[in-house]
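Student: Please see the structure below; I have some questions.
The values are calculated or read from the model by the stated rules, or taken from the named source; none is laboratory data. Keep in mind that what you see is a predicted model, and the values were worked out from it rather than measured. Here the Cβ positions follow ideal geometry from the backbone for every residue, glycine too, while neighbour counts run over all protein chains shown.
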Amino acid sequence: MRLLTHLRAWLDERFHWAELIGPLKEKTVPVHKLSHWYFLGGITLFLFMIQVCTGILLLLYYRPGANEAFESVQYIMTRVQFGWLIRSIHSWAANLMIFTAFAHMFSVVFLRAYRKPRELTWLSGMLLLFLAMGFGFSGYLLPWNTLAFFATKVGTEITGQVPLIGHSLMVFLRGGEDVTGATLTRFFGFHVAVLPSLTTLLILVHLALVQYFGMSVPPGVEPRWKGSPSEAREMKFFPNFLLRELMAWYIALGILGALAAILPWELGTKADPFAPAPAGIRPEWYFMFMFQTLKKIPAKVWFVDGEVVGILAFGLAGLLWTLLPFFDQAGRGRGRRFIMGAGVFAVTYILAMTIYGYVAK
Amino acid sequence: MDTLRNNGLSRTLFLLLAILAWAGVADAQTQNSCLDCHGALDPPLQVTEQQFASDIHFQKGLTCANCHGGDPTKADMDAMSKAAGFRGKIERKDAPELCGRCHSDGTFMRKYNPSLRTDQLAQYKTSVHGQLFAKGDTKVAVCIDCHGVHDLRPATDTRSKVNPLNVAQTCSRCHSNAEYMKGYGIPTDQFAKYGTSVHHDAMTVRGDLSAPTCTTCHGNHGAAPPGVSLVQNVCSTCHVFQDEMYEKSSHKAAFQAAGLPGCVVCHGNHGISHPTDAKLGTGSEAVCMQCHSPGDACDQARAKMLADLLRLDDAIKSANQILSVAESSGMEVSEARLGQDQARDSLTKARVTIHSFQTDLVEQDIQAGLKIAAKDLQAGKDALRERDYRRMGLGVSVAAIFIVLLGLRLYIRQIEGGSK
Amino acid sequence: MESQVSLSSPTPRRRVVEYLLGGGLFASIVSFIYPVLRYVIPPPVADLGGDEVVASKVGDLKPNAFKIFRFGTRPALLVMTAEGEYRALSAVCTHLSCTVQYRNDLHQIWCACHNGLYDLNGRNVSGPPPRPLEAFQIHVRGDEIVVSRKREG
């Protein structure tokens, strides 16, 4: 189209546009049996963008504050045109995003894409995963319904069990000793300001690093390609890979729309801080494996409180997992096998404990 | 002084006296030596300190001697001195007068609790228990039978035998005992029947302390059955609307003339079950047909009222059903649910209006309810229509998405010239 | 496999694909934008916030009269006393949840179900009700009588 050519020329005169996007045009994506796993990062990013858009739309009507939050969500669901759609998409996309983030992370582990030189990419990615779970935890409280209220209460209570800093951390999160309207205001601030700014920054870092290092080739394929370069297959990012990515995004959109229309997110009942906790309080599914583990640890392990042991164990596991690349330097066989084993164990454990958490009474 | 200091024996004696004096001063405040012995005896002479400590009379500063006489400051058998007025065991026939000695004395009772009534003895004398008692029957209930004696608690205490929660149990101790009640000519199934009643459920299951128990209808100190002509007065204390309707109805005059006890004819007295629409029917629970003949004007009126009630009940149920379907599809119908509450209120009101035995009045309430139920049904239908509209919209979106996916796939194939 | 540059003059088949893709993209984007556009237009019924309801207009109620209105999911009672003051209370009887009413002869709130009575402050004064009725705050804004829940501390 001539308009586009004119636009390009205009930008080029001022920003050397052609030079800027030159490298992007050359960007390639390796093509092999496991190429499909490359889509997961992009899908997660797409879902995050959906969250930002639907989140901003929800902000037009949502009111934070114990007296108004529930009613404003009810207003969105019942009175605002297509409010039900925006809200349900936001809730479903949140869950899907965390799922794809986990899947993306595990695919990186099993395809060993965290190896040198991509350690910082892994690090930024892990931080993004933690931020995503923070988004989930803070956002869950915002409708101020009974389930959310008590799930937050239990969740922050567990945080309070961390030795030394636990209580201060809990008070910081709750905005006080108990979960109150102050907690809601605080979580709202985290959810719409603090976390988005941190996440945007980290995403830019993450993407820049991915761009800089290019796509990693899985360990099974790499040596073969190094040996006979003619076998190496790749496709251009623009437009080939991007078009495929677009297909994936459209599929995600279709799934989201179907979920929103057929399984709308429920409203629940307004939280009453003075009512007793209803039976069967559970966190969201992505916290379930930790929750179930804590439930199953005996009250005391040696002389230490069982819950503290659990929290410290998960903390340690998270820390070690974040530092994963540093255990697999120079591709030494033992480190690699250990990480593969740990990866399989982690996936199995998370799946099993999540299912257990839902099936158990 | 010199002699005392030097004399060891004198010092010991002095100490002993001091101790005795101190003990004497200490004991004089709650001097109740009776418990020293009676706490260790076996029943029926046993009264322990623990038991007596829960007694309201003891808590107000009274001792055994206030009823039994004697001298509680003396130790051992000296306490039971006839000279000090010791009466020994109080006979049942003397209990009312003994209790009344204080409890009927307004001036005296004012010292302890000015708002307590002081007419219990007078009321008792009017009761069936009191009247039989005056004739010399000592089997009947006297004060201590219901209130207890040495661990007597105020009625507000949930452990008291006369607390509303426990009253029926207390009455049943005699009134359910067929052996004991032989010769009085009244049934002994009241407690059993009451246990099946909706009033009993209200108290024990719902915890509603305002629910009627024996004393609510029969009175407590002046206990007597209301009598055929007064049953309506008793029930109307709470069931005001039913009473108003009944008072103006044809049945009031008819039942009065026939000497029938109003409400009890259809509802029973002790075993008052939760009334259902079956009462208006023709089955085992039907009450109208006990008097009326099938096919007569009243039977027709009955049939009409029943049909009306069932019609509204059905309308409410169908609206509920559609609202549930809408809710489970994710639609928000809280406003219609509120309307359903009002429709149910109309049904309740219609059931009360039955007591006027006028079909047009019942019809009015039914119509009001039907209007609301119809509105809620419509709201449910609208919700389902909205749901279908959403699904259609989804279908359109999904179709568009499919076209895009197809287009993309073809386009990719095209620019890559063959399979990927 | 390297990508091939498409030929400069599109064949009919290519045209079909381009139209399909273009059309599909357009349709799908419209189906996304349309709800968003309707969403941002505010609905006719403004949300006052969950704890506020316009119960009535000034002048609608005469002295010594009452009105039932919806507050949240439950009914509520707006009373204009004989002296001309407004009172707003929950209309759910604390005994068995019947809807109460104002009796202009007794100047008290009465429950028809079991003859329960409350005073104009909501306190249960006689009959079965075990607890008082919840009282609400009233503000008169212009010609609207706005009833709101008492603010949490």
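Student: Quick check: anything in region B:297-316 surrounded by fewer than 18 Cβ atoms within 10 Å (Cβ to Cβ), assigned to a loop (DSSP other than H, G, I, E, B) and of a type outside the set (Phe, Trp, Tyr)?
Tutor: No, region B:297-316 has no match at all.
Student: To continue, here is another question. Counting just the residues of region B:328-355 that are more than 14 Å from chain A (Cβ to nearest Cβ) and of a type in the set (Ser, Thr, Tyr), which one comes out farthest from B:Val240 (Cα to Cα)?
Tutor: Looking at the filtered set, the residue picked out is B:Ser346.
Student: For region B:168-190, give me each residue that is more than 19 Å from B:Thr138 (Cα to Cα), assigned to a helix (DSSP H, G or I) and free of Cβ contacts under 8 Å to residues at least 60 places away in the same chain.
Tutor: B:Ala168, B:Gln169
Student: Scan region C:79-100 and tell me whether some residue there is closer than 30 Å to B:Asp243 by Cα, among the aromatic types (Phe, Trp, Tyr) and at pLDDT 90 or above.
Tutor: no
Student: Suppose the filter is under 30 Å from A:Asp272 (Cα atoms) and not hydroxyl-bearing (Ser, Thr, Tyr); does A:Gly41 pass it?
Tutor: no
Student: If a residue must be within 24 Å of B:Ile322 (Cα to Cα) and more than 7 Å from every other protein chain (Cβ to nearest Cβ), how many such residues does region B:394-420 contain?
Tutor: Residues meeting the conditions: 1.
Student: Does at least one position in region A:253-272 carry a residue that is closer than 24 Å to A:Phe106 by Cβ, more than 19 Å from the chain's Cα centre (by Cα), in contact (Cβ under 8 Å) with a residue 60 or more places away in the chain and not in a helix (DSSP H, G or I)?
Tutor: no
Student: Still on this structure, please answer the following. Counting only residues that are surrounded by 13 or more Cβ atoms within 10 Å (Cβ to Cβ) and among the acidic types (Asp, Glu), how many does region A:257-292 have?
Tutor: Residues in region A:257-292 being surrounded by 13 or more Cβ atoms within 10 Å (Cβ to Cβ) and among the acidic types (Asp, Glu): 2 in total.
Student: Further question: Of everything in region C:48-84 that's within 14 Å of another protein chain (Cβ to nearest Cβ), of a type in the set (Val, Ile, Thr) and assigned to a strand (DSSP E or B), which residue is surrounded by the fewest Cβ atoms within 10 Å (Cβ to Cβ)?
Tutor: Filtering first and then ranking leaves C:Ile68.
Student: Against the conditions (1) over 23 Å from A:Thr269 (Cβ atoms); (2) in contact with a Ser or Thr (Cβ under 6 Å, 6 or more places away or on another chain), where does A:His167 fall short? Just the number, please.
Tutor: A:His167 satisfies all of (1) over 23 Å from A:Thr269 (Cβ atoms); (2) in contact with a Ser or Thr (Cβ under 6 Å, 6 or more places away or on another chain) except (2).
Student: Only one residue in A:Arg233, A:Arg174, A:Arg244 is within 14 Å of another protein chain (Cβ to nearest Cβ) and crowded, with 19+ Cβ neighbours inside 10 Å, so which one is that? Talk me through it step by step, then tell me what you get.
Tutor: Numbers: A:Arg233 fails: crowded, with 19+ Cβ neighbours inside 10 Å; A:Arg174 fails: within 14 Å of another protein chain (Cβ to nearest Cβ).
Criteria check complete, one pass: A:Arg244.
Student: Look at B:Phe241 and say whether it is out of contact with any Gly (no Cβ under 7 Å at 6 or more places or on another chain) and aromatic (Phe, Trp, Tyr).
Tutor: So B:Phe241 passes the test.
Student: Which of the numbered conditions does A:Lys295 fail, given that it passes all the others? Conditions: (1) assigned to a loop (DSSP other than H, G, I, E, B); (2) surrounded by fewer than 18 Cβ atoms within 10 Å (Cβ to Cβ); (3) more than 11 Å from chain B (Cβ to nearest Cβ).
Tutor: So A:Lys295 meets the others, but not (1).
Student: Restricting the search to region B:320-348, which residues are crowded, with 18+ Cβ neighbours inside 10 Å and more than 37 Å from the chain's Cα centre (by Cα)?
Tutor: B:Ile322, B:Ala326, B:Ser329, B:Gly330, B:Met331, B:Glu332
Student: Given the residues B:Tyr112, B:Tyr124, which is the only one that is crowded, with 16+ Cβ neighbours inside 10 Å and either farther than 20 Å from B:Cys67 by Cα or of a type outside the set (Asp, Glu) (or both)? First the steps, then the outcome.
Tutor: Details: B:Tyr112 fails: crowded, with 16+ Cβ neighbours inside 10 Å.
So the residue among B:Tyr112, B:Tyr124 that is crowded, with 16+ Cβ neighbours inside 10 Å and either farther than 20 Å from B:Cys67 by Cα or of a type outside the set (Asp, Glu) (or both) is B:Tyr124.
Student: Of these, B:Gln358, B:Gln367, B:Gln378, which one is within 30 Å of C:Arg38 (Cβ to Cβ), under 43 Å from the mean Cα position of the chain (by Cα), more than 12 Å from chain C (Cβ to nearest Cβ) and polar (S, T, N, Q)?
Tutor: Just a single option satisfies the conditions, and that option is B:Gln378.
Student: Which of the residues that make up region B:181-240 are loosely packed, with under 15 Cβ neighbours inside 10 Å and at positive phi?
Tutor: Of everything in region B:181-240, those that are loosely packed, with under 15 Cβ neighbours inside 10 Å and at positive phi turn out to be B:Gly183, B:Gly185, B:Gly207, B:Gly227.
Student: Where the second residue is at pLDDT 85 or above and the first is assigned to a helix (DSSP H, G or I) and lies in region A:207-228, which pairs have Cβ atoms under 7 Å and are six or more apart or on separate chains?
Tutor: Taking only residues 6 or more apart or on different chains, the pairs are A:Leu209/A:Leu120; A:Leu209/A:Thr121; A:Leu209/A:Ser124; A:Val210/A:Thr121; A:Phe213/A:Pro117; A:Phe213/A:Arg118; A:Phe213/A:Thr121; A:Trp225/A:Val217.
Student: If you take the residues of region A:54-66 that are surrounded by fewer than 20 Cβ atoms within 10 Å (Cβ to Cβ) and facing another protein chain (nearest Cβ under 8 Å), which of them is modelled with the lowest pLDDT?
Tutor: Selected residue: A:Arg63.
Student: Restricting attention to region A:98-116, report how many residues are part of a helix (DSSP H, G or I) and either among the charged types (D, E, K, R) or out of contact with any Phe, Trp or Tyr (no Cβ under 6 Å at 6 or more places or on another chain) (or both).
Tutor: Selection size over region A:98-116: 10.
Student: Do the conditions hold for C:Val17, that is, is it among the β-branched types (Val, Ile, Thr), touching a Leu at 6+ places or on another chain (Cβ under 7 Å), crowded, with 18+ Cβ neighbours inside 10 Å and within 14 Å of chain A (Cβ to nearest Cβ)?
Tutor: Yes, satisfied.
Student: What do you reckon, is A:Ala113 away from every other protein chain (no Cβ under 14 Å), under 24 Å from A:Ile311 (Cβ atoms) and either under 21 Å from the mean Cα position of the chain (by Cα) or buried (at least 19 other Cβ atoms within 10 Å of the Cβ) (or both)?
Tutor: Taking the combined requirement at face value, the residue does not satisfy it.
Student: Please tell me if C:Tyr34 is over 30 Å from B:Gln242 (Cα atoms), within 14 Å of chain A (Cβ to nearest Cβ) and surrounded by 20 or more Cβ atoms within 10 Å (Cβ to Cβ).
Tutor: Values: over 30 Å from B:Gln242 (Cα atoms): yes; within 14 Å of chain A (Cβ to nearest Cβ): yes; surrounded by 20 or more Cβ atoms within 10 Å (Cβ to Cβ): no.
Judged against the criteria, C:Tyr34 is not a match.
Student: Would you pick out the residues in region A:310-341 that are modelled with pLDDT of 90 or more and either farther than 27 Å from A:Gly280 by Cα or touching a Phe, Trp or Tyr at 6+ places or on another chain (Cβ under 9 Å) (or both)?
Tutor: A:Leu316, A:Ala317, A:Gly318, A:Leu319, A:Leu320, A:Trp321, A:Thr322, A:Leu323
Student: Further question on the same structure: With respect to A:Ser197, determine if the residue is within 30 Å of A:Gly333 (Cβ to Cβ) and away from every other protein chain (no Cβ under 14 Å). Even if it seems obvious, please write down each step before you answer.
Tutor: On the way: within 30 Å of A:Gly333 (Cβ to Cβ): no; away from every other protein chain (no Cβ under 14 Å): yes.
No.
Rundown of residues vs (1) modelled with pLDDT under 75; (2) assigned to a loop (DSSP other than H, G, I, E, B); (3) closer than 30 Å to B:His221 by Cβ, yes/no style:
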residue	(1), (2), (3)
B:Ser10	yes, no, no
B:Leu17	yes, no, no
B:Ala40	no, yes, no
B:Pro43	no, yes, yes
B:Gln51	no, no, yes
B:His57	no, no, yes
B:Leu62	no, yes, yes
B:Ala95	no, no, yes
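Student: Taking B:Ser172 as meeting all but one of (1) farther than 21 Å from B:Lys93 by Cβ; (2) in contact with a Leu (Cβ under 7 Å, 6 or more places away or on another chain), write down the number of the exception.
Tutor: The single condition B:Ser172 does not satisfy is (2).
Student: In region B:342-379, which residues are within 16 Å of B:Gln321 (Cα to Cα) and among the basic types (Lys, Arg)?
Tutor: B:Arg344, B:Lys375
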